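Working notes, structure below.
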């Protein structure tokens, strides 16, 4: 069966079968996804981290399918009902649903109308009617038996009809046909429950849409309303289009008219009483599953973009956690993330102490030579921004500021890890430190927070918790390992996402550093308790020593390839002091790389990766992404008007559009129809988290705190002005 799984994966994922087999074997041996994707390219064919994760996920699903197949075959065989034809159908079943359909007639059932009729001996009559060559009224007389409560022909025929209805309901082929038909012709109808005053779901009261057209985000919204017991839904399946499908199978040319009438009535009863309720539930769950899968993809993509926001290196930052009543908490942080000082100011209502706040801020900026202010985008953010911009302008400071998404900062600041790191600080002060560090290195700071708290999801509370956690953990792991980690400065939280390292080992690495000082070589990790050769093999290539005298220790070259890397240097006559400089590392053609690999008996991908590391050691993939936006000016809140065009930052992307931060308390929404001049299926086709966009304000609903924006119209206006 493994061979069949590999063939299916090869076809479905468009990966050569031998690469599927080799990748599966690597994963089965306990290798991590990042290690397999980065250091086993010869075996995988160069599959990306995402490709390997997808293959791993599908492999698990299909192996579970095979386990279920074996179990179903065993259960039917125990009942001595496993015919060669049924076994053939079971082996061909491509999904768990198809398997369960085939198993349905043999599954132990609670007592049903059909089982009662069978107990009374009416199954032969039901089968005769289905055969279509008898007179039901006449044959029914043979089954009269007062002791079995079969007192007349009507009662007998009703029992036979119940059996026929269940046979139809248990027919795998019928269910498959109806399922396919249902997805094409059925519709969802939603209504608000009586006596419900919740306004959130008003738009869905009386809502109706065909299944084939309903958008995933609507499915998730309806599902939430149902879970909150505010909404009811039903799947409407036109009976007049369903019954002909059933009758086409059971009422053929050989069926006489009398039997046809009974079969037709039983088919209607089967659909209404047995098939429709289960099909309605199944179809809705299928819709929900696909919506969750889609939302998961968006969530993972948004999370990836948020984590990979380029760091602002060598900036000495004043972290600013804005607030009203309790004031704004400040944290001065060095370029290495070290906390220098904290303070509190009250420039906003109710105190409006701008003079006192200015004095404290200026003192911190001057004393610690800070060059930028990172303002959290929460409550009082806009007022804080106005104050900072005014201060910079009036004092003519060589200081910039930027708005930092602070989603999850409060989660981190109240965590045990934050308490351990800053026991003397209060929650808001820790939050200010986190905001500053988010600007300096978003990835290193955000890994300390549950990915669900980072604020880039869509209906995340409606997703299966286990599946969501697994998917998001994989995304974070992929991001961390694609960037690489400084072994001597990384926190335990960051180290725990390195391939092969768990939280326990990560803590031991930090303890080892604290006791022994900086780690001088990757091989020294083998002295850390619990970090043996197997873990070292998985993690070593992703850990960097940027200040090491050994060039390779600074790079992404795995220790297992150090010898090969040295041979390449000899072959190309490279000098250690010239590594990292493009002009001294020859750009080899594909043919030259192939020849070099053959000469050294090495894999081409590995040779290619080593050469790349010789040009740019430990290159950070975030370098090519949009940088944070710094400014020294701001638009007044009261100046926001319909028709204005201004710059904003994409903070979140969902199926129906994108939320853009334009500097007020509530992000504006760019509906998917207002993103591009052309048709797009999803905002992710043209936008990404943290990208800077120009938007036009379409409308402002101050009562509901909603701002409608348009990227498309802003671009049109700009082009018009240019022309």
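The values are calculated or read from the model by the stated rules, or taken from the named source; none is laboratory data. Treat the numbers as computed from the prediction; the structure is a model and nothing was measured. Note that each Cβ is placed from the backbone with ideal geometry, even for glycine, and that neighbours are counted across all protein chains shown.
Residues checked against (1) farther than 30 Å from residue 113 by Cα; (2) in the same structural domain as residue 683 (by TED's automatic domain parsing); (3) in contact with a helix residue (DSSP H, G or I) (Cβ under 9 Å, 6 or more places away or on another chain):
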| site | (1), (2), (3) |
| --- | --- |
| 162 | no, no, yes |
| 169 | no, no, yes |
| 180 | no, no, no |
| 197 | yes, no, no |
| 202 | yes, no, no |
| 210 | yes, no, yes |
| 222 | yes, no, yes |
Within the stretch 489-519, tally of residues that are in contact with a strand residue (DSSP E or B) (Cβ under 9 Å, 6 or more places away or on another chain) and surrounded by fewer than 20 Cβ atoms within 10 Å (Cβ to Cβ)
0
Can you tell me which residue in the stretch 561-601 is farthest from residue 546 (Cα to Cα), limited to those that are in a loop (DSSP other than H, G, I, E, B) and at pLDDT 95 or above?
601
Screening 231, 220, 181 for residues that are in contact with a strand residue (DSSP E or B) (Cβ under 9 Å, 6 or more places away or on another chain) and at pLDDT below 95 leaves only 231
Could you list, in sequence order, all residues of the stretch 641-656 that are over 23 Å from residue 404 (Cβ atoms) and either buried (at least 20 other Cβ atoms within 10 Å of the Cβ) or over 28 Å from the mean Cα position of the chain (by Cα) (or both)?
641, 642, 643, 644, 645, 655
Can you tell me which residues in the stretch 521-552 are modelled with pLDDT under 95 and over 25 Å from residue 421 (Cβ atoms)?
548, 549, 550, 551, 552
Residues (more than 14 Å from residue 488 (Cβ to Cβ) and out of contact with any helix residue (DSSP H, G or I) (no Cβ under 7 Å at 6 or more places or on another chain)) located in the stretch 504-522:
504, 508
Inspect the stretch 143-150 for any residue being touching a strand residue (DSSP E or B) at 6+ places or on another chain (Cβ under 9 Å), touching a residue at least 24 places away in the same chain (Cβ under 8 Å) and in a loop (DSSP other than H, G, I, E, B) and give the result as yes or no.
no
Could you tell me whether any residue of the stretch 290-312 is without any contact (Cβ under 8 Å) to a residue 40 or more places away in the chain, under 33 Å from the mean Cα position of the chain (by Cα) and either surrounded by 18 or more Cβ atoms within 10 Å (Cβ to Cβ) or within 30 Å of residue 238 (Cα to Cα) (or both)?
yes
Of the conditions (1) surrounded by fewer than 17 Cβ atoms within 10 Å (Cβ to Cβ); (2) assigned by TED's automatic domain parsing to the domain that holds residue 613; (3) within 22 Å of residue 307 (Cβ to Cβ), residue 524 clears all except one; give me its number.
(3)
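When residues of the stretch 621-662 are filtered for being in a loop (DSSP other than H, G, I, E, B) and at pLDDT below 85, how many remain?
Residues in the stretch 621-662 being in a loop (DSSP other than H, G, I, E, B) and at pLDDT below 85: 15 in total.
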Please determine, by comparing only the residues of the stretch 674-710 that are without any contact (Cβ under 8 Å) to a residue 40 or more places away in the chain and in contact with a strand residue (DSSP E or B) (Cβ under 8 Å, 6 or more places away or on another chain), which one is nearest to residue 214 (Cα to Cα).
683
Condition check: touching a residue at least 24 places away in the same chain (Cβ under 8 Å), over 29 Å from the mean Cα position of the chain (by Cα) and loosely packed, with under 12 Cβ neighbours inside 10 Å. Does residue 79 satisfy that?
yes
